[in-house]
Amino acid sequence: MQKLYLYLLMILLFAVTNITAKEANTDRIIMGAEQAGRIKSLTKNRRIGLIMNQTSILPDGTHLLDALLKEGFHIRKIFAPEHGFRGTDDAGASVKNNIDDKTGIPIVSIYGKNNKPTAAQLADIDLIIFDIQDVGTRFYTYISTLHYAMEACAENDKELIVLDRPNPNDYVDGPVRKKGFSSFVGVDPIPVLHGLTIGELAGMINGEGWLSTGKNSCRLHVVTMENWRHGQPYSLPVKPSPNLPNDVAVGLYPSLCFFEGTNISVGRGTQFPFQVLGNPDKTYGTFTFTPQPVRGMDTNPMYKGETCYGEDLRNEPFEGGLSLRFVIRFFAKSGNNEKVFFSRADWFDLLAGTDSLRKQIIKGLSEKEIRRSWQSDLDAYKQIRKKYLLYDDYNP
């Protein structure tokens with residue numbers, strides 16, 4: 001009888017373990033890039049151009065390019081965005097045309113002089129597949145690359161397939177980009193944190209008529225994810241760009257990127273960029289770091305070789321989303337000296353998408369007061385956003 005009980009117990013444990021394993025597998029986020037069958041049905045043996053980088057990987061670490069070639073997809077060329085196809089070029093550095101060493105496929109730069117594929121570059125392909133991890137912020141240039149790729153496809157009657165991935169900063173917050181402040185860090189009139197996946201954003205760009213082609217919209221297909229919901233936590237498996245090396249940097253990036261328009265270093269030239277703040281003036285804090293050239297991250301960082309004094313934010317509690325407390329705090333540390341602190345005021349305004357934020361900080365408005373000034377624009381944006389959502393909200 002005891003043996004029978006043990007046998008039944010083993011069966012029960014096996015069943016529970018098996019069910020748990022199945023549930024865990026069912027709950028796993030399945031990226032658009034993993035769905036070869038859906039991608040194949042959309043491409044139908046046509047000639048393909050790829051827009052991708054080091055984030056275009058599958059869960060086993062295989063790069064999507066290698067997976068597509070193995071499956072027999074006809075890849076004609078790769079279009080390389082900021083930081084290059086392998087994601088190793090400095091921020092802002094021009095990306096050069098090249099040949100991929102591993103596959104021999106031509107690499108065409110779409111960052112620098114040429115921000116979107118030309119008619120000649122699209123002549124020998126039928127469609128573009130876009131697969132790049134976004135971090136949910138307006139000034140992250142990969143969404144600008146998406147916009148211009150859509151424009152090029154609309155102009156040349158090509159299709160664009162977006163392989164969707166999660167948004168690790170899935171909030172709607174910050175000032176909406178105003179007219180007169182359009183740039184490569186703010187192509188579309190969206191908030192700093194847009195609260196969309198890259199596939200949803202593509203739908204919004206198309207649907208709202210934001211392409212320069214007007215009514216001639218892009219022929220767009222989005223390969224959606226499975227088992228992801230809006231607001232669901234997501235840790236990136238690889239760094240999305242050279243100076244966002246971990247989840248802490250990705251989370252702080254929306255709040256700290258404003259400092260790129262000031263006299264404060266965000267730690268470029270260290271192993272912890274977008275996790276520290278500092279300046280050679282000792283009044284900014286007691287934590288120290290010395291920026292140095294770092295190959296593949298920044299070879300000419302701000303304050304190269306100088307000791308910077310400031311704050312280490314790596315262990316500071318942070319709720320996520322967008323916070324102005326850092327920039328307001330450091331402006332106060334500057335003695336509220338606008339000419340010293342806003343050393344690149346035009347760049348600050350382009351990052352903010354408006355000059356109002358800088359002027360509000362100079363005027364001494366609190367974060368609460370500044371946020372109140374955004375609210376009507378955010379409310380209007382949220383109504384637009386609803387039309388393009390492809391995923392439900394996360395309810396843990």
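Taking region 97-122 as the region of interest, how many residues are of a type in the set (A, V, I, L, M, F, W, C), open to solvent by 10 Å² or more (accessible area, probe 1.4 Å), in contact (Cβ under 8 Å) with a residue 24 or more places away in the chain and not in a helix (DSSP H, G or I)? Outline the logic, then answer.
At the first step, the residues of region 97-122 found to be of a type in the set (A, V, I, L, M, F, W, C) are 99, 105, 107-108, 110, 119-120, 122.
So of that shortlist, the ones also open to solvent by 10 Å² or more (accessible area, probe 1.4 Å) come out as 99, 105, 107-108, 119-120.
From what's left, in contact (Cβ under 8 Å) with a residue 24 or more places away in the chain: 105, 107-108, 119.
When the remaining residues are screened for being not in a helix (DSSP H, G or I), the result is 105, 107-108.
The qualifying residues number 3.
Considering only residues in region 358-396 that are outside any helix (DSSP H, G or I) and in contact with a His (Cβ under 9 Å, 6 or more places away or on another chain), the one that is least open to solvent (accessible area, probe 1.4 Å) turns out to be TYR391.
Which residues, counting only those in region 178-209, are over 23 Å from MET31 (Cα atoms), of a type in the set (Gly, Ala, Ser) and either part of a loop (DSSP other than H, G, I, E, B) or open to solvent by 10 Å² or more (accessible area, probe 1.4 Å) (or both)?
Keep residues of region 178-209 that are over 23 Å from MET31 (Cα atoms), which gives 178-192, 207-209.
Retained after the next criterion (residues that are of a type in the set (Gly, Ala, Ser)): 180, 182-183, 186, 207, 209.
The answer is GLY180, SER182, SER183, GLY207, GLY209.
Taken as a whole, the condition of being at pLDDT below 95, under 23 Å from ARG372 (Cα atoms) and either open to solvent by less than 50 Å² (accessible area, probe 1.4 Å) or among the small types (Gly, Ala, Ser) (or both) does not apply to GLY353.
Within region 241-265, the set of residues being touching a His at 6+ places or on another chain (Cβ under 7 Å) and polar (S, T, N, Q) comprises just one member, SER241. When the residues of region 238-294 are filtered to those that are of a type in the set (D, E, K, R) and within 14 Å of the chain's Cα centre (by Cα), the one that is surrounded by the most Cβ atoms within 10 Å (Cβ to Cβ) is LYS239. Filtering region 239-272 to residues that are assigned to a loop (DSSP other than H, G, I, E, B) and under 17 Å from HIS83 (Cβ atoms) leaves LYS239, PRO240, SER241, PRO242, ASN243, LEU244, PRO245, ASN246, VAL266, ARG268, GLY269.
Filter region 1-53 for residues that are of a type in the set (A, V, I, L, M) and either at pLDDT 95 or above or surrounded by 14 or more Cβ atoms within 10 Å (Cβ to Cβ) (or both) and give the result.
ILE29, ILE30, MET31, ALA33, ALA36, ILE39, LEU42, ILE48, LEU50, ILE51, MET52 - these are the residues of region 1-53 that are of a type in the set (A, V, I, L, M) and either at pLDDT 95 or above or surrounded by 14 or more Cβ atoms within 10 Å (Cβ to Cβ) (or both).
Tally the residues that are free of Cβ contacts under 8 Å to residues at least 60 places away in the same chain and within 30 Å of GLY199 (Cα to Cα), restricting the search to region 337-372. Of the residues in region 337-372, 2 are free of Cβ contacts under 8 Å to residues at least 60 places away in the same chain and within 30 Å of GLY199 (Cα to Cα).
For region 300-317, does any single residue satisfy the condition of being within 20 Å of LYS333 (Cβ to Cβ), open to solvent by less than 40 Å² (accessible area, probe 1.4 Å), part of a loop (DSSP other than H, G, I, E, B) and in contact (Cβ under 8 Å) with a residue 60 or more places away in the chain? Yes, the conditions are met somewhere in region 300-317.
The values are calculated or read from the model by the stated rules, or taken from the named source; none is laboratory data. What you are looking at is a predicted structure, and each value in this text was computed from that prediction instead of being measured. We place every Cβ from the backbone using ideal geometry, glycine too, and count neighbours over all the protein chains shown. Surface areas here come from the heavy atoms of the whole protein model, side chains and all, with no ligands, DNA or RNA. Shrake-Rupley method; radii C 1.70, N 1.55, O 1.52, S 1.80 Å.
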